[in-house]
Amino acid sequence: MNIEELREYALSLSFATESFPFGNETLVFKVNNKIFLLASLSSEILQFNVKCDPNYAEELREKYSSIIPGYHMNKKHWNTIIVDGSLSVSQLKEFIKNSYSLVAEKK
């Protein structure tokens, strides 16, 4: 997955919007005006942050070296995913969709 594919997928989710509230280095996706995905545009390797159930977040970090506590985020609820080829595109989309669902549920 590259940044264009990530953007296309994120925007395919109902009512998802994109913006640059933190400057032009971080692409932010929101639903219901709440962030569900942040992607760094300055990293050599694509990285993005997604919201996650705290227990599942820990489980993923233990299982995959390319999933770490959310960079500049609440590390209990956010993971940073490093797109280094060790995770499939379907897994990456699943993480994004899960984050979107967690945020979309809260109004």
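The values are calculated or read from the model by the stated rules, or taken from the named source; none is laboratory data. Everything quoted here is computed from the prediction, not taken from an experiment. Virtual Cβ from ideal backbone geometry, glycine too; neighbours counted across all protein chains shown. The protein model used for the area step is the full one, side chains on, heavy atoms only, and it has no ligands, DNA or RNA in it. Shrake-Rupley method; radii C 1.70, N 1.55, O 1.52, S 1.80 Å.
Structure summary
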| quantity | calculated |
| --- | --- |
| Summed side-chain charge close to residue 20 - residues other than residue 20 whose Cβ falls under 14 Å, Lys, Arg +1, Asp, Glu -1 | 0 |
| 5 angstrom amide H check on residue 32, placed H, neighbours 5+ away | none |
| Label-point separation, residue 68 to residue 2 (7 Å along Cα→Cβ), nm | 2.4 |
| Rounded percent of accessible protein surface that carbon and sulfur make up, the chain, 1.4 Å probe | 49 |
| From the C-alpha gyration tensor of the stretch 44-95, square roots of 5λ in Å | 16, 12, 9 |
| For the chain, fraction of C-alpha pairs farther apart than 19 Å, in % | 36 |
| Accessible area per residue, Å², the chain with all protein chains present, probe 1.4 Å | 59 |
| Per residue Cα convex hull volume in Å³ - calculated over the stretch 4-53 | 85 |
| Pairwise FRET efficiency - residue 91 versus residue 19, Cβ, R0 = 41 Å, nearest 0.05 | 0.95 |
| GluC sites (Glu not before Pro) within the stretch 5-107, DSSP loop, no more than 15 other Cβ atoms inside 10 Å | 25, 44 |
